[in-house]
1. Give the Cα extents of region A:70-125 along the principal axes, in whole Å, largest first.
2. Under 5 Å between amide H atoms, partner at least 5 residues away or on a different chain: which partners does A:Asn73 have, H built in plane at 1.01 Å?
3. Using alpha carbons only, how many angstrom separate the centre of region A:362-415 from the centre of region A:192-234?
4. On a C-alpha basis, how far is the centre of region A:116-165 from the centre of region B:244-303 in Å? Whole number, if you could?
5. Which cross-chain or sequence-distant (5 or more) residues have an amide H under 5 Å from the amide H of A:Gln313, H modelled 1.01 Å from N in plane?
6. Can you run phi through the Karplus equation (6.51, -1.76, 1.60; θ = phi - 60°) for region A:292-308 and list ³J(HN,Hα) in whole Hz, with x for Gly and Pro?
7. Residue by residue, what Karplus-based ³J(HN,Hα) values in Hz, rounded to whole numbers, does region B:65-78 have, using 6.51, -1.76 and 1.60 with θ = phi - 60° and x for Gly and Pro?
8. State the percent of C-alpha pairs, over all pairs in chain A, separated by a distance greater than 32 angstrom.
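Derivation of every value follows stated rules applied to the coordinates shown; laboratory data play no part. All of these numbers come straight from a predicted model, not from anything done at the bench. All Cβ positions, glycine included, derive from the backbone under ideal geometry; neighbour counts span all protein chains shown.
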Amino acid sequence: MQNEIHLQSKSRLKDYEPVVGRSSLEELKMLAAKFSGKIVQIINSTFVGGGVSEILEHMVPLLNQLGVDARWNVISGGEEFFEVTKKFHNALHGNREKISSQDFALFSEVTQRNLNEMSFYGDIIFIHDPQPVGLIAQKKNIGKKWLWRCHIDVSNPDKKVWKFLRSFIVDYDAAVFSAPNFAQHLPIRQFLITPSIDPLSDKNKELDSGTINSVLAKYSLISNKPMIVQISRFDRLKDPLGVIEAFKMVRKGIDCQLVLAGGTATDDPECTEVYSEVKKQAEGNTDIHILLVPPESDIEINALQRAAAIIIQKSLKEGFGLTISEALWKSKPVVASAVGGIPLQVKNKFTGLLCYTVEGAAYALKQLLSNPEYANRLGQNGREHVKQNFLITGHLKNYLLMFLALDHNSDVIYL
Amino acid sequence: MVDWLTDSWLWLTHNWLHVVVPLVVFLATYVVGLWVRRIAYRAFNRWAGGKWEGSQIVIQITRTPFIYWFLILGAFIAIQISKLDSAGKILADKILASLFVFSLTWVIVSLSVKIVKLYTGKVPRLQTSENVIINIIRTAIAVVGALILLDVWGAPTTPLILLLAAVILIAALSFRDLLANLYSGFQLAQGEQIKVGDFIKLESGDSGYVTDVTWSNTRIRALDGNLILVPNSRLVQGTIINYGRPLKKATRPFRFYTRLYLKELTGLTASNLGELANMLKEVPDSVIYYHTHHFLEEHHYLTPEPANDFALWISDELGDEVLGEKLASINIFDFLSIDALRSRIEGVITDYLSKKPEERTAREGREFHFIKSVSFIMPTSYVAHDLREFVEVLRQVSIDSLSYHIFEARLKLKKGVNDFAIWIEECLDDKDLAEKLAYLDPYNYTLEGLRSTIIQVIEKRIK
């Protein structure tokens with residue numbers, strides 16, 4: 001089928017045993033056995049770029065290894081369609097966006113085209129994010145179980161956009177959100193499942209010092225100078241300009257360097273514009289390094305995170321903010337805004353420091369740079385927290401449980 | 001015919017000495033043989049008769065051949081002093097040597113077989129391998145005997161020996177693991193270090209009861225019911241803990257279950273204390289359970305003292321630390337049902353509101369979301385038949401399994417006591433241990449701390 005990807009597994013299920021323990025894997029296998037003969041069809045908008053595709057890239061092969069017939073398809077869109085969905089994305093986050101009736105019409109037109117072109121063969125059809133949400137129209141023809149996974153915070157959305165999307169969402173059997181405060185009141189079942197990181201992926205696996213040093217050398221970074229790193233797409237909602245401002249406040253008193261490293265995604269045309277603004281803001285300051293890294297640079301991202309003294313994530317709005325879990329998994333102290341799913345990952349003063357403003361971010365950075373032992377303790381707690389709650393094996397377990405829950409209404413289910 | 005007889009008589013009358021002397025020597029050797037056998041067997045009987053049970057076998061097998069060997073010796077001496085030409089003597093020597101080698105081979109084979117049977121009959125684990133051992137010994141001795149016979153008759157044995165050595169070398173290399181296992185099996189058999197019925201723990205962490213020990217491997221019934229086949233060489237070379245014989249068997253085995261949970265939004269939210277108290281009356285039990293227990297699993301590494309979500313929200317979001325503290329200090333272990341716990345939480349809030357009616361409201365987006373836990377309960381493959389197995393399984397099960405049997409069974413499934421205590425009392429009739437586990441307040445520990453504490457309590461009992 002067109003727009004279907006067949007992924008080769010990079011890690012074997014058995015490789016996770018030293019990380020999560022044998023009993024957790026046994027539980028996963030027992031759950032997976034319940035899906036014998038069923039197909040889980042996963043649909044989103046892109047195979048590359050962004051947190052969603054990153055999770056699916058690791059999750060689909062693992063589901064297959066567990067014996068679950070999971071297949072991943074993407075819708076076809078085009079530049080104009082993705083510009084519209086980007087506006088939807090920003091509007092759902094509560095930003096003001098000019099969205100015309102032509103935009104809605106284009107969304108409906110592309111949705112209809114995909115409905116005509118795509119095959120819907122799954123017993124469970126699992127739609128991710130707003131771009132393919134309209135595919136639910138097919139439910140009246142084929143039935144089956146339909147799930148909508150919302151990866152973004154829709155607690156304070158643009159009413160017009162939400163109303164438009166809601167008309168599709170209410171036809172699903174259930175919706176999934178990353179945090180309770182992300183959700184909206186809906187007449188369907190709503191589950192809470194946090195996203196996850198893969199501890200064995202290139203982005204999170206252990207690296208030797210040679211690899212880390214070679215990446216630092218490639219980007220002309222000084223290895224013995226404390227490094228503050230923010231990893232995220234060049235997106236206004238990640239507030240890269242705010243990070244530069246906070247860094248300048250810290251740099252007045254402490255010798256350190258800042259790295260803003262990010263990629264691009266095929267469904268986010270705004271990235272290039274923001275990247276130019278950030279470059280301009282950093283101009284002339286040799287301690288600020290703006291790195292545009294392509295999607296396949298996972299090892300480099302990993303190396304930058306491991307080389308960092310502190311990881312910062314000063315988002316103004318956030319879906320879940322997986323870069324936080326990535327940093328915590330590497331036992332790094334984190335300074336992050338208390339938005340979106342970040343407070344679920346950073347328990348203030350236990351697994352990192354939360355902030356609300358540029359000044360607050362600068363203050364937290366100074367605290368951690370001046371107290372390495374405290375920073376180290378936060379990092380260690382953070383790793384435990386991620387191990388318990390935000391690894392891909394737990395995520396898989398939750399998805400399998402949710403698929404099972406669709407057939408039961410009780411609060412206690414005996415399998 | 002008459003001529004031939006006459007010629008023979010004439011030859012005898014002229015050479016009678018050449019016939020009589022060898023004959024006398026032959027008979028004399030026979031008599032000496034009888035005498036030597038008597039003396040030697042008597043001495044052997046005195047030396048080994050009381051000490052070694054195989055002595056009668058040696059006597060029984062060698063008694064007759066012993067005389068044959070003296071007859072062969074007598075014939076050899078007689079031929080050497082006779083007037084036989086040298087070619088005849090060489091041929092006779094070869095025949096006698098062949099007879100000797102043949103009889104000696106037969107004696108060694110018979111002796112080995114009887115002695116092997118004597119020992120394998122005493123060690124049950126060796127009985128299955130008896131035929132294999134006997135055949136190996138028979139073949140080895142027969143090959144050596146055949147090589148000696150060939151040498152006696154002047155056949156070239158060096159290439160054969162080389163070929164045989166090569167075959168043995170190749171076989172030894174190909175079956176080196178098997179040989180190592182056989183040797184280790186022998187060591188185990190000798191030392192009786194591991195016996196059927198022992199509970200052992202391997203270096204790999206696998207543990208279970210030994211169900212069979214053969215020459216090459218040892219079978220263990222693992223805690224998840226699987227059979228583990230361990231090569232004997234691994235047992236001899238590695239570190240194993242042998243806990244010895246089984247403990248008292250339970251009247252019914254303990255099947256470990258696990259509970260996985262999924263968070264589901266109820267759609268209910270509260271912005272202030274009044275709303276919270278009202279909602280508390282209505283929400284399902286699974287909501288109360290979730291908000292008083294999820295911290296245990298999600299943040300169990302941080303603190304053994306679980307804060308319930310109501311207390312945290314009131315302190316952090318409404319800024320009322322006094323009420324927050326009152327709620328946080330509710331000891332969940334004091335309650336045997338969720339309804340009772342619900343009434344207490346709601347009662348504390350209502351009472352507080354009646355004395356201090358001023359209401360604070362949470363910021364927008366910081367409302368209290370009522371979440372329920374949907375529990376999925378399923379059996380694991382782990383089963384314990386006694387306390388030893390129970391402890392070993394407890395080391396391996398996930399914290400989900402531990403939570404299910406300790407927290408969920410007691411409160412959400414309304415059993416009032418944790419599953420472990422119930423099983424130990426009902427199926428092992430150990431009231432004392434059951435009581436200790438029943439009164440252990442699990443809310444005072446981190447989950448891993450709870451696991452080790454339960455293990456310690458039971459291990460103390462086992463010792």
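1. 38, 21, 17
2. Here A:Ile42, A:Ile43, A:Asn44 satisfy the definition.
3. Between the Cα centres of region A:362-415 and region A:192-234 lies a distance of 20 Å.
4. Region A:116-165 and region B:244-303 have Cα centres spaced 31 Å from each other.
5. So A:Gln313 has HN proximity to A:Val335, A:Ala336, A:Ser337.
6. With coefficients 6.51, -1.76 and 1.60, one gets 9, 10, x, x, 8, 9, 4, 5, 5, 4, 4, 5, 5, 5, 5, 7, 5 Hz.
7. x, 4, 6, 4, 5, 5, 4, 5, 4, x, 4, 4, 5, 4
8. More than 32 Å apart: 35 percent of the Cα pairs in chain A.
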